[in-house]
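Notes to accompany the following structure.
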Amino acid sequence: QVQLVESGGGLVQPGGSLRLSCAASGDIFSINAMGWYRQAPGKERELVANITSGGSTNYADSVKGRFTISRNNANNTLYLQMNGLKPQDTAVYYCHVDSKRRWRTAIVRSWGQGTQVTVSS
């Protein structure tokens with residue numbers, strides 16, 4: 001019903017930058033919130049950053065000052081600008097969207113397929 005297509009991952013040196021994108025489409029009437037999560041090998045998935053329908057943002061302490069989450073409401077695209085990347089940022093990054101269908105109150109929770117980010121020399 002909801003499709004999330006992620007892009008922008010790759011290999012980068014410490015201190016480098018990457019920009020992740022997530023395009024949402026499908027049976028979406030409105031979006032309540034969008035966010036980025038990541039999961040490193042052997043660790044649980046954790047919230048990196050999210051943004052609400054009102055534009056409020058929230059960041060994990062480990063990425064504050066380095067990452068910026070933003071969105072394009074016209075095409076339901078989410079972005080994560082990652083600067084000053086560190087080896088510990090290495091993980092699979094997942095886009096997440098909480099959306100609603102027309103005439104329905106239930107929130108639909110959707111996940112992207114994940115994109116690999118590797119920070120290494």
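The values are calculated or read from the model by the stated rules, or taken from the named source; none is laboratory data. Just so it is clear, the structure is predicted and the values come from calculations on it, not from any experiment. So basically every Cβ, Gly included, is an ideal-geometry build from the backbone, and we count neighbours across all protein chains shown. These accessible areas exclude ligands, DNA and RNA; they are computed on the full protein's heavy atoms, side chains included. Shrake-Rupley method; radii C 1.70, N 1.55, O 1.52, S 1.80 Å.
Structure above, values below:
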| item | result |
| --- | --- |
| Residue within region 56-66 that is more than 11 Å from the chain's Cα centre (by Cα), within 22 Å of Val5 (Cα to Cα) and in a loop (DSSP other than H, G, I, E, B) present | no |
| Selection within region 95-117 - under 19 Å from Val48 (Cβ atoms) and of a type in the set (Val, Ile, Thr) | Val97, Thr115, Val117 |
| Yes/no for Gly112 being out of contact with any Pro (no Cβ under 8 Å at 6 or more places or on another chain), open to solvent by less than 70 Å² (accessible area, probe 1.4 Å), touching a residue at least 60 places away in the same chain (Cβ under 8 Å) and at positive phi | no |
| Any hit, region 75-98, residues being within 17 Å of the chain's Cα centre (by Cα) and basic (Lys, Arg) | no |
| In region 64-109, residue least open to solvent (accessible area, probe 1.4 Å) [restricted to those that are of a type in the set (Ser, Thr, Tyr) and in contact with a Gly (Cβ under 8 Å, 6 or more places away or on another chain)] | Tyr93 |
| Looking only at region 70-121, and only at residues there that are in contact with a Ser or Thr (Cβ under 6 Å, 6 or more places away or on another chain) and not in a strand (DSSP E or B), the one that is farthest from Asn58 (Cα to Cα) | Thr90 |
| Per-region count, region 30-52, residues more than 16 Å from Cys95 (Cβ to Cβ), in contact with a strand residue (DSSP E or B) (Cβ under 7 Å, 6 or more places away or on another chain) and part of a loop (DSSP other than H, G, I, E, B) | 1 |
